[in-house]
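The values are calculated or read from the model by the stated rules, or taken from the named source; none is laboratory data. This is a predicted model, so every value here is computed, not measured. Glycine gets a Cβ as well: all are built from the backbone with ideal geometry, and neighbour counts include every protein chain shown.
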Amino acid sequence: MFIEERHQAILEWLKQNGSISTSDIQEKFAVSYESAKRDLRILEEKGLLKRTHGGALPVRQVAASRPADQTIRDYREVKKNYFLIAEKAIEMIENNDVIFLFPVTVCYFIARNLPDRLKVRVVTNSIIIAEELRGRENVSVILLGGEMDQKGNCFDAIAIDIIKLLRVDKCFISSAAISADFGLSIQKTSAIPFFNTVMDSSRRTIGLFPKEKIGFDSIVSISPAARLDVLITDWDVLEEEADAFREEGIEVIIVEKESE
């Protein structure tokens with residue numbers, strides 16, 4: 001197969017499947033790893049795709065608007081990358097740690113999958129996460145009070161006053177979007193003081209951002225990206241975006257796709 005034919009076949013694969021990995025190219029076209037990377041680089045230079053860590057996405061997918069975030073209970077339909085990011089986050093938790101879990105889907109997965117061997121104290125402003133952990137012998141929970149919103153979360157002044165009294169070893173944080181330029185961002189201003197108070201009270205701040213949230217800006221910035229010590233994302237993150245976070249002094253951890 002001529003290289004032009006292979007490139008056309010790669011673009012057709014992207015159209016049909018929504019992503020392609022270098023291993024896909026190696027297996028499908030019987031080429032080396034370096035040849036697969038070169039194919040993707042050439043196609044990106046032509047503006048026909050965007051390279052990611054380990055593969056590529058079609059340009060239209062990168063530029064497309066993202067669907068509204070799913071509720072924390074709608075976990076069965078969340079993509080596998082959320083689970084894998086949660087698993088990587090759990091590896092960072094040590095025995096007797098005090099951790100903060102924000103009321104987001106990936107943190108719900110952390111709560112749901114904490115191993116019995118870990119004795120930890122969890123601070124959260126989410127009644128759903130607290131309920132998930134209730135009754136676990138190895139976990140004690142501090143549930144922040146205040147006026148609860150319709151999703152079962154507290155972000156108000158009472159919750160802020162309580163978190164100021166605590167010192168957390170690690171907070172696991174996510175938001176609607178993150179970019180190196182605009183930082184962490186959300187749709188509403190009301191939760192900004194709470195986000196920043198939790199980060200102020202934490203020894204380490206670990207961002208959990210699936211690829212769908214990276215490189216986008218929501219309406220209002222919470223804080224600069226550099227407030228994160230670590231950012232955990234998945235295999236489809238664009239290479240230039242991961243590098244931009246590293247330039248801000250953030251450790252970037254990329255979870256790999258499970259083999260099917």
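Within segment 201-256, count every residue that is without any contact (Cβ under 8 Å) to a residue 12 or more places away in the chain and of a type in the set (Gly, Ala, Ser). Quick ask: steps written out before the conclusion?
From segment 201-256, those without any contact (Cβ under 8 Å) to a residue 12 or more places away in the chain are 240, 243, 246; that's our starting set.
So of that shortlist, the ones also of a type in the set (Gly, Ala, Ser) come out as none.
The qualifying residues number 0.
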I'd like to check which strands (runs of 3 or more DSSP E) are fully inside segment 169-260 and have at least 3 residues that are of a type in the set (A, V, I, L, M, F, W, C).
230-234, 251-255
Considering only residues that are in contact with a His (Cβ under 8 Å, 6 or more places away or on another chain) and either assigned by TED's automatic domain parsing to the domain that holds Glu240 or among the charged types (D, E, K, R) (or both), which ones fall in segment 12-50?
Asp39
Selection count where residues are closer than 11 Å to Tyr82 by Cα and among the small types (Gly, Ala, Ser), scope segment 206-220:
0
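Residues Asp200, Asp161: which one is out of contact with any strand residue (DSSP E or B) (no Cβ under 9 Å at 6 or more places or on another chain) and within 23 Å of Ile232 (Cβ to Cβ)? Give the steps one after another, and end with the answer.
Working: Asp161 fails: within 23 Å of Ile232 (Cβ to Cβ).
Matching residue, one of Asp200, Asp161: Asp200.
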Answer from Val106, Val123 - the residue that is at pLDDT 90 or above, buried (at least 17 other Cβ atoms within 10 Å of the Cβ) and not in a helix (DSSP H, G or I):
Val123
For the structure I just gave you, tell me whether Leu231 is closer than 15 Å to Val104 by Cβ, modelled with pLDDT of 90 or more, under 11 Å from the mean Cα position of the chain (by Cα) and crowded, with 21+ Cβ neighbours inside 10 Å.
yes
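Quick check on my filter: what residues within segment 138-168 are hydrophobic (A, V, I, L, M, F, W, C) and part of a strand (DSSP E or B)?
Val139, Val141, Ile142, Leu143, Met148, Cys154, Val168 - these are the residues of segment 138-168 that are hydrophobic (A, V, I, L, M, F, W, C) and part of a strand (DSSP E or B).
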Would you mind telling me which numbered condition in (1) surrounded by fewer than 22 Cβ atoms within 10 Å (Cβ to Cβ); (2) within 21 Å of Ser218 (Cβ to Cβ); (3) over 13 Å from the mean Cα position of the chain (by Cα) Val98 fails?
(2)
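From the list Ile162, Ile142, Ile158, which residue is surrounded by fewer than 16 Cβ atoms within 10 Å (Cβ to Cβ), over 24 Å from Val252 (Cα atoms) and either polar (S, T, N, Q) or without any contact (Cβ under 8 Å) to a residue 40 or more places away in the chain (or both)?
Testing whether each residue is surrounded by fewer than 16 Cβ atoms within 10 Å (Cβ to Cβ), over 24 Å from Val252 (Cα atoms) and either polar (S, T, N, Q) or without any contact (Cβ under 8 Å) to a residue 40 or more places away in the chain (or both) leaves just Ile158.
Can you go through Ile178, Ile192 and tell me which one is surrounded by 22 or more Cβ atoms within 10 Å (Cβ to Cβ) and within 27 Å of Lys88 (Cα to Cα)? Walk me through it before giving the result.
Values: Ile192 fails: surrounded by 22 or more Cβ atoms within 10 Å (Cβ to Cβ).
On inspection, the qualifying residue turns out to be Ile178.
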